[in-house]
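What follows is one structure encoded as structure tokens, with my remarks underneath.
Rule-based calculations on the coordinates, nothing more; no lab input. These numbers come from a predicted model, not from an experiment. Positions of Cβ are generated from backbone atoms using ideal geometry, with glycine treated the same way; all protein chains shown enter the neighbour counts.
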Amino acid sequence: MSPKASEELNVLARGRRVIDAERDALERVGRLLDTSFKEAVDLLVDCPGKVIVTGVGKSGIIAQKITATLNSTGTPAFYLHPADALHGDLGMVRGDDVVIVLSKSGDTMELSLLLPSLRRAGVAIIAITGNPDSALARSATVVIDCSVEREACPLDLAPTASTTAMLALGDALAVVLYESKGFTREDFALTHPGGMLGRRLLLRVEDIMKRGDDLPIVGRMQPSTTSSSRSAASDSAARWSRRKAGCSASSPMATCGGCSSAAATSSR
């Protein structure tokens with residue numbers, strides 16, 4: 001085997017090792033899932049205020065993604081940076097809110113400074129942490145264990161498997177939450193009007209059809225007995241009919257999406 005081929009196999013093996021480590025982490029958090037997960041879902045379902053998600057460093061980036069998933073699936077949420085919270089953004093927090101706090105160690109300095117203020121505010125705290133004995137866990141209303149045996153990083157330092165586990169737990173919370181709320185495809189379309197699903201479910205003919213003076217009207221035609229004239233007249237009449245309906249198709253045999261939709265509706 002050539003040195004180049006050997007190096008390629010080595011790189012692929014190392015890549016698979018990372019993926020295997022993260023898969024093992026997901027299997028572990030799946031096994032660790034217990035009644036605390038249901039308690040967290042219940043807190044979120046019954047939350048009369050806002051859902052706030054916070055974390056520092058890589059955990060903070062995962063917190064932002066979880067926030068985005070909650071917002072897009074019908075649960076208003078926002079990300080709160082712990083440092084900004086300590087310098088005024090705590091004003092957004094109210095006692096009827098639920099705060100989801102992500103931290104592998106559970107003893108991060110910024111979070112340790114923030115937790116007393118959250119307790120004074122009276123919020124419910126859902127901790128997603130790899131350390132059930134941490135200061136975060138002791139301050140939390142509900143603790144979800146996301147501990148991993150080791151990171152995918154060969155030095156066991158860079159957050160890799162642990163952040164994958166956090167992200168999966170956040171997705172699990174968001175999905176089970178929206179299922180519990182009865183969130184539908186139509187609801188999803190309302191929060192994604194720019195996506196394909198949103199356009200397919202929300203766009204109507206009246207949104208794009210031409211109206212009034214914008215309609216191109218064909219003038220009165222002279223009668224003719226020749227077959228070619230009759231064909232031309234038929235084509236013109238067909239185009240006139242479609243244009244009256246706001247159709248944009250140019251070929252006599254073509255139909256636009258609006259025509260097809262209207263035809264399908266009228267046939268039912």
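In segment 31-143, Cα pairs under 8 Å separated by at least six residues give a relative contact order of 26 percent.
Each of the peptides 136-149, 167-180 was scored by the mean count of other Cβ atoms within 10 Å over its residues; in descending order, highest first, they stand as 136-149, 167-180. Separation of segment 1-77 from segment 114-181 is 10 Å, based on Cα centroids. With Rh defined as the Kirkwood radius, the inverse of the mean 1/r over Cα pairs, the Rg/Rh of segment 11-198 is 0.98.
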